[in-house]
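S.K.: This structure is in structure tokens; I'll ask about it shortly.
The values are calculated or read from the model by the stated rules, or taken from the named source; none is laboratory data. Please read all numbers here as calculations on a predicted model, not as lab measurements. Here the Cβ positions follow ideal geometry from the backbone for every residue, glycine too, while neighbour counts run over all protein chains shown. Areas reflect the complete protein model, heavy atoms only, side chains present, ligands, DNA and RNA absent. Shrake-Rupley method; radii C 1.70, N 1.55, O 1.52, S 1.80 Å.
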Amino acid sequence: MKTDLVRRLTPEEEELAAKREELARLEAQLADQELLLASLKAELAAFEGLYLRRVGALYAELDEWNARLAELRAEQAGTPEAKAEAAEARTQADESYSSAHCEAAEVQPFTPSPELKNLYREAAKRVHPDTATDEKDRTRRERLMKEVNAAYAAGDEDALWRILARHDTSPEAVQGFGIGADLIRVLRQLKQIRDRIAAIEREIASQSETDLAQLKAKADIAATEGRDLLEEMEASIKVRVILVKHTVEEKSISGAIR
């Protein structure tokens with residue numbers, strides 16, 4: 001009678017298997033955290049673009065009229081103080097105009113589909129730099145991860161598939177090590193991934209505390225109440241523009257009469 005013999009794993013092999021299971025769990029967690037961070041950045045960039053197009057442009061108009069008013073006052077008063085105020089107002093107007101018409105203002109709304117999010121998670125797990133085996137591999141993966149983030153922000157699923165295909169067919173994707181070397185590599189990967197997850201959590205917290213993020217949060221709350229916060233801001237600024245414009249016109253007329 002034949003008896004099938006099953007070889008028991010050595011302690012090193014058992015340890016390696018356990019660490020690989022832990023690595024797989026952490027890689028999935030890392031992919032989720034990378035997705036969360038990438039989505040946050042893309043959503044904030046899209047909101048910034050919307051804000052600049054709707055509200056920033058009006059602030060630029062308001063600052064322009066304030067600058068004209070300050071310049072009229074400086075012309076009529078002729079004092080160093082009035083001239084300094086006019087110069088400061090003109091600088092502010094120029095900066096507001098540049099901000100309202102910069103590249104960030106062109107960013108469109110970001111609404112990733114579930115398919116795009118899942119594809120990003122898969123790409124992040126496969127190409128993440130913190131799963132690299134050496135410095136050369138890390139450099140290659142860092143380049144790929146930048147491409148993955150750019151494709152996700154652009155909502156380009158085809159680009160993500162192409163990046164994955166390029167990675168999976170590269171010579172660097174083929175790996176083979178002995179148990180001892182594999183165990184060391186996995187332990188180092190675990191540390192790298194834990195460090196990266198901690199760094200992502202810090203960056204998410206930092207991003208969430210910015211003025212832009214807080215304004216977006218207020219806009220999101222207003223939307224649940226059936227309000228458009230940016231529209232309310234637009235209405236308020238338009239009133240201020242009308243008032244300053246009227247003052248400028250009055251001063252121009254009075255200056256011409258004198």
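S.K.: Take the conditions of a type outside the set (Gly, Ala, Ser), under 23 Å from residue 58 (Cβ atoms) and modelled with pLDDT of 90 or more and apply them to residue 197. Does it pass?
M.R.: Judged against the criteria, residue 197 is not a match.
S.K.: Now for a different question. Taking the options 238, 216, 191, 245, name whichever one is closer than 22 Å to residue 21 by Cα and basic (Lys, Arg).
M.R.: It is 191.
S.K.: Do the conditions hold for residue 32, that is, is it within 20 Å of residue 122 (Cβ to Cβ), acidic (Asp, Glu) and open to solvent by 10 Å² or more (accessible area, probe 1.4 Å)?
M.R.: yes
S.K.: Moving to a separate point now. Could you figure out which of (1) crowded, with 18+ Cβ neighbours inside 10 Å; (2) of a type in the set (A, V, I, L, M); (3) not in a helix (DSSP H, G or I) isn't true of residue 9?
M.R.: Failed condition: (1).
S.K.: Turning to a different aspect of this structure: Can you find even one residue in the range 73-93 that is outside any helix (DSSP H, G or I) and within 26 Å of the chain's Cα centre (by Cα)?
M.R.: Initial filter on the range 73-93 (outside any helix (DSSP H, G or I)): 78-79.
Pick out the ones that are also within 26 Å of the chain's Cα centre (by Cα) and you get none.
Checked the range 73-93: no residue is outside any helix (DSSP H, G or I) and within 26 Å of the chain's Cα centre (by Cα).
S.K.: Report the residue count in the range 193-219 for those that are touching a residue at least 24 places away in the same chain (Cβ under 8 Å), of a type outside the set (A, V, I, L, M, F, W, C) and assigned to a helix (DSSP H, G or I).
M.R.: Residues in the range 193-219 being touching a residue at least 24 places away in the same chain (Cβ under 8 Å), of a type outside the set (A, V, I, L, M, F, W, C) and assigned to a helix (DSSP H, G or I): 8 in total.
S.K.: Then there's this: If I filter the range 125-149 down to residues being modelled with pLDDT under 90 and of a type in the set (A, V, I, L, M, F, W, C), which single residue comes out as nearest to residue 190 (Cα to Cα)?
M.R.: For the range 125-149, the residue satisfying everything is 132.
S.K.: Go through 79, 111, 91, 139 for me and flag whichever is within 15 Å of residue 42 (Cβ to Cβ) and surrounded by fewer than 16 Cβ atoms within 10 Å (Cβ to Cβ).
M.R.: Matching residue, one of 79, 111, 91, 139: 111.
S.K.: Any chance you could count how many residues in the range 52-104 are modelled with pLDDT of 90 or more, out of contact with any helix residue (DSSP H, G or I) (no Cβ under 7 Å at 6 or more places or on another chain) and among the aliphatic types (A, V, I, L, M)?
M.R.: Residues in the range 52-104 being modelled with pLDDT of 90 or more, out of contact with any helix residue (DSSP H, G or I) (no Cβ under 7 Å at 6 or more places or on another chain) and among the aliphatic types (A, V, I, L, M): 2 in total.
S.K.: Out of the range 220-258, which residues are assigned to a helix (DSSP H, G or I) and farther than 28 Å from residue 89 by Cβ?
M.R.: Result: 220, 221, 222, 223, 224.
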